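Take a look at the structure set out below.
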4 protein chains.
Amino acid sequence: MTSIDLNSDLGEGFGPWRMGDDDAMLAIVTSANVACGFHAGDQDIMARTFAHAKEKGVAIGAHVGFPDLWGFGRRAIPFSPAEIERIVAYQLGAAMALAAYCGHKITYAKAHGALANIAESDGAVARAIVRAVRAVDSSLVLLAIALSEQTKAAQEAGLRFANEIYADRAYTKDGRLKPRREKGAVIDDAEAAIQHTLGMLSEGAIICDDGARLKTPIDSICVHGDTPHAVDMARRLREALADANVGLRAFALP
Amino acid sequence: MTSIDLNSDLGEGFGPWRMGDDDAMLAIVTSANVACGFHAGDQDIMARTFAHAKEKGVAIGAHVGFPDLWGFGRRAIPFSPAEIERIVAYQLGAAMALAAYCGHKITYAKAHGALANIAESDGAVARAIVRAVRAVDSSLVLLAIALSEQTKAAQEAGLRFANEIYADRAYTKDGRLKPRREKGAVIDDAEAAIQHTLGMLSEGAIICDDGARLKTPIDSICVHGDTPHAVDMARRLREALADANVGLRAFALP
Amino acid sequence: MTSIDLNSDLGEGFGPWRMGDDDAMLAIVTSANVACGFHAGDQDIMARTFAHAKEKGVAIGAHVGFPDLWGFGRRAIPFSPAEIERIVAYQLGAAMALAAYCGHKITYAKAHGALANIAESDGAVARAIVRAVRAVDSSLVLLAIALSEQTKAAQEAGLRFANEIYADRAYTKDGRLKPRREKGAVIDDAEAAIQHTLGMLSEGAIICDDGARLKTPIDSICVHGDTPHAVDMARRLREALADANVGLRAFALP
Amino acid sequence: MTSIDLNSDLGEGFGPWRMGDDDAMLAIVTSANVACGFHAGDQDIMARTFAHAKEKGVAIGAHVGFPDLWGFGRRAIPFSPAEIERIVAYQLGAAMALAAYCGHKITYAKAHGALANIAESDGAVARAIVRAVRAVDSSLVLLAIALSEQTKAAQEAGLRFANEIYADRAYTKDGRLKPRREKGAVIDDAEAAIQHTLGMLSEGAIICDDGARLKTPIDSICVHGDTPHAVDMARRLREALADANVGLRAFALP
């Protein structure tokens, strides 16, 4: 029996505000990407999320983003690679320390929002992320979009990485995530998303929207939890994986 | 020949703004307390300061403060001890990661501004700081005002600490730093400040403003660098220590 | 038939985050207290809220709070009266300009959270708020807790004001809002809250928790909308007022 | 005798930080562009600057920028025209209210940093600025780079505007400000800058770096004050204008 990781973005509130149903998602996923205070999250929410993840046996990663709380890290702010290195290192350290404070351990890093989008195809930015992660703790794993510049940069630098696919996102013919502003970028129908995901897993390939198959190892599936619908889709995907005899296991445990 | 540490608050700019003459101070002190982004500092300034400190052989500590950039961490915001633990842990981790990124190493922590003032006499806050530092890295040293609740809390918890005196500040009859708003709180005359400091070192005691002596080990002297006058005073103090055959050595080297 | 105003705190999201059901509340209340970006709200949310309020014929006020997004303006940060004047003036102007941009008009101001709590009993802070409002636009009305230092300060300064009571809050024997941390501070039962409110209206008095009646004009009732339960209570109060033949009318229309 | 306005960016500190010598510049210029809290400035600094400007008889304008304190408003963050309208309106109102609080009056608006750079050549952004200013107060003047999309947009919308040139900046052959990253963008030599400025005034034209003359009305000269050298250049320019029998007068007085 093969196994796979399910990851999701958690701890995305700020101060009095909440986003998504973290408790529900922590019962579904095996890895939690936790916001580090730059695009969302604060030290209290981080600590609470790390503590809950520990209780549930869920692995935790630093979800590092642009310093843009107002824009939720989704604005493509023009930072240089050197600035990005320091943006990543700072958040990574903050998350590692708070995880230690909670008796848990950060085992991986993942880029969020505009940073992840840019790093999917911009090699200089991808290498900046890899350099920062390695400099802070070379035993960390980088969770990155399969077939992206990030996985390539990690491989070249000798940094461990995990290849991720998205359960509810369509791919362009080049194997890139279809931009959210384009029609059909998000697969809203749960059943369609689940079949799309199972198909990619069984074929060991990204299935592009023109039908092409791009071979890639797949280590993790990203699911969302920001709406009741999304939580439900994540739960059904988990069940479908069990039915398909695919085990669930975090790619990086402490 | 005995030896002592000289510490100063550095990296206190933010974005386009600068405060004090960091380069001058790095040639004078043996330990740099570097702001961590909550009351001052940002990831770029932190990295630059860590890199310069490394070049000069200066030890670096995380100068942790309240999340209050506008008030420079000097407003007495009512945070609970648990909130303070996480405020400290977050900044400490960020600093440790950026130091690693720069090839240097955080060896100590120090509380800034209102946090330090409250922790001087509030045991619950002092213990919160100590708990956070220990949880993140129990090998760190806590640099704290001599005879304060912080040194007491560190001792009780088995956390290493360094006792610090202030070169240019008067002490109340209880051995507390005289509040800045009170007359005579700051010793503006360089010669007077130097004699006051040398007196405390040679007597191994805080000299209170009523003339009382309160015995204490002294491991470090805090000097300021935010004005040309302050830099000059720090330089003269360094020379006076050399003249008095007191060596300079960081209390916590990597 | 007498008439009364119903006011509620709206526009309390920030960036990607939302709080409460603004659309539901705009169909219930006659006045909307809109956050101005310091404790919640941003220019986009403000503009959207002003535009919706205009469509519904709802009066708008600037809900001014402490600069503390993370703490939602609920932390008692020690600002001086002069600092508070400028905090209030800045937000008031921002709201007035965005209202003009939306074709609506700010007709009143109300203090939020810790600022309101402090100003209920601290005359110096109350007078600072009044001075700021008058200086910016002396035709504005100050919406303030009945029998508070704010109403007193407004009266003395010749600034128009509206006396407000809270539908779901208990009052101490001195006629102050019972602090939230105390038992029984919030009246959770909708029916009890409605009867309490109707009682105060019919008696023209604050009903304290020891049964005392403190006479006061009542111009507005504050209702909350941050939970489905709160929205339901507001709706039922509106119906109960109609049943009691009390009309609804904003105390300050453009 | 003809007359001209001298404008400069003032109030560009934040919290404990200062930038430039505002007092020196207020004795030189006739118009002060005051930062409004988004890229620099805060309500206390704004109030202080407005009060000093009033004492010196200097006109005040709202210097509106991107919400990017860390980047000082110089990052080209991709905001939509509608977002820019609200960014401008918010800051404008805040400045107008604080000016009223200080007994002074905002008579004009000017875009700062990346917002100004983009609006120099992007018509949609220029029109967004004009729409916001008109919606908030149609009697305001827009201070904008001569021959830019901003002056064009203001003219088309019937908003009063003032054409500004830069004392120490070179112009491309198209009459645009030469980007700061290019060689020769800033004219460091005071005498050269002054002759360049006097030349443009006497010819009534932008003098491009290929020698071309682009005719334009000139209402104001922008001078900098962020270094002692810059203050000195501003002072010498003021003297040179007096020698050339050019009077100094704000283009928009209360």
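What follows draws every value from the coordinates through simple rules; no lab data is involved. Note that the coordinates shown come from a computational prediction; the quantities given were computed from them, not determined experimentally. With ideal geometry, Cβ positions are generated from the backbone for all residues, glycine too; neighbour counts draw on all protein chains shown.
Our summary gives region C:116-177 a relative contact order of 31 percent, counting only alpha carbon pairs under 8 angstrom and 6 or more residues apart. For chain C, which DSSP H helices look membrane-span-like by this rule: Cα extent along the axis of 27 Å or more and mean Kyte-Doolittle of at least -1.0? Those that pass (Cα extent of 27 Å or more, hydropathy at least -1.0) are C:81-101.
Considering the dipole of region B:1-128 built from charges on the beta carbon (Lys and Arg +1, Asp and Glu -1) around the Cα centre, which of B:C102, B:A24, B:H52 is farthest to its positive end? Farthest along the dipole direction, towards plus: B:C102. Of all the options B:K152, B:K183, B:K110, the one that moves most in a Gaussian network model of chain B with Cα springs shorter than 10 angstrom is B:K183. Ranked from shortest, the separations from the 7 Å Cα-to-Cβ label point of A:S138 to its equivalents in the other copies are 2.8, 6.8, 7.3 nm. Each DSSP beta bridge with both residues in region C:130-254 is either parallel or antiparallel, and the antiparallel ones are about 40%. Spread over its residues, the convex hull of the C-alpha atoms of chain A is 114 Å³ per residue. The GNM of chain B, with springs linking C-alpha atoms under 10 angstrom apart, assigns the highest mean-square fluctuation among B:G184, B:G57, B:G13 to B:G184. Sorted from greatest to least, the principal axis extents spanned by the alpha carbons of the protein assembly as shown come out as 79, 74, 71 Å. Distance to the D-onto-A rotation axis is smallest for one chain D Cβ; residue and value in angstrom are D:I77, 3. Approximating the spin labels as points 7 Å out from Cα along Cα→Cβ, the C:L214-to-A:D243 distance works out to 6.3 nm. Of all DSSP-defined beta bridges confined to chain C, some 20% are antiparallel rather than parallel. Using every pair of distinct Cα positions in region A:2-95, the Kirkwood expression returns a hydrodynamic radius of 13.7 angstrom. Its alpha carbons considered, region B:142-181 gives a radius of gyration followed by a Dmax of 11.1, 35 Å. Residues of region A:1-19 falling in the label zone of C:R48, defined by backbone nitrogen less than 18 Å from a point 7 Å along Cα to beta-carbon, are A:13-14, A:16-19. What is the local net charge at D:A157, summed over the other residues whose Cβ is closer than 11 Å to its Cβ (Lys, Arg +1; Asp, Glu -1)? Net charge around D:A157: +4.
Using a 7 Å projection from Cα along Cα-to-Cβ, the label point at B:A185 is separated from the same position in the remaining copies by 3.1, 4.3, 5.3 nm, smallest value first. Computed from label points 7 Å out along Cα-Cβ, the spacing between A:A76 and A:E203 is 2.8 nm. In terms of its Cα atoms, region B:106-150 spans 24, 18, 16 Å along the principal axes, sorted from long to short.
Remark: label point of B:A244 defined 7 Å out from Cα along the Cα-Cβ vector; separations to the same position in other copies 6.1, 7.4, 7.5 nm, ascending. Looking at the protein assembly as shown, the DSSP beta bridges with both ends there are about 20 percent antiparallel.
Distances over 18 Å make up what percent of all Cα-Cα pairs in region B:49-152? Across region B:49-152, Cα pairs with separations above 18 Å total 45 percent. Count Lys and Arg as plus one, Asp and Glu as minus one, and take only other residues whose Cβ is under 10 Å from that of C:A190; the net charge is then -3.
For the set C:K54/C:K105; A:K152/A:K215; D:K105/D:K152; A:K183/A:K215; B:K152/B:K183, the pairs lying more than 20 angstrom apart at their alpha carbons are D:K105/D:K152; A:K183/A:K215; B:K152/B:K183.
Of all aspartates and glutamates in the structure, the ones whose alpha carbon falls short of 16 Å from that of A:K110, not counting any fewer than 8 places away in one chain, are A:D5, A:D9, A:E12, A:E85, A:E120, A:D122, A:D137, A:E149, A:E164, A:D219. With Cα atoms as the point set, region D:124-254 shows a radius of gyration and Dmax of 15.3, 42 Å.
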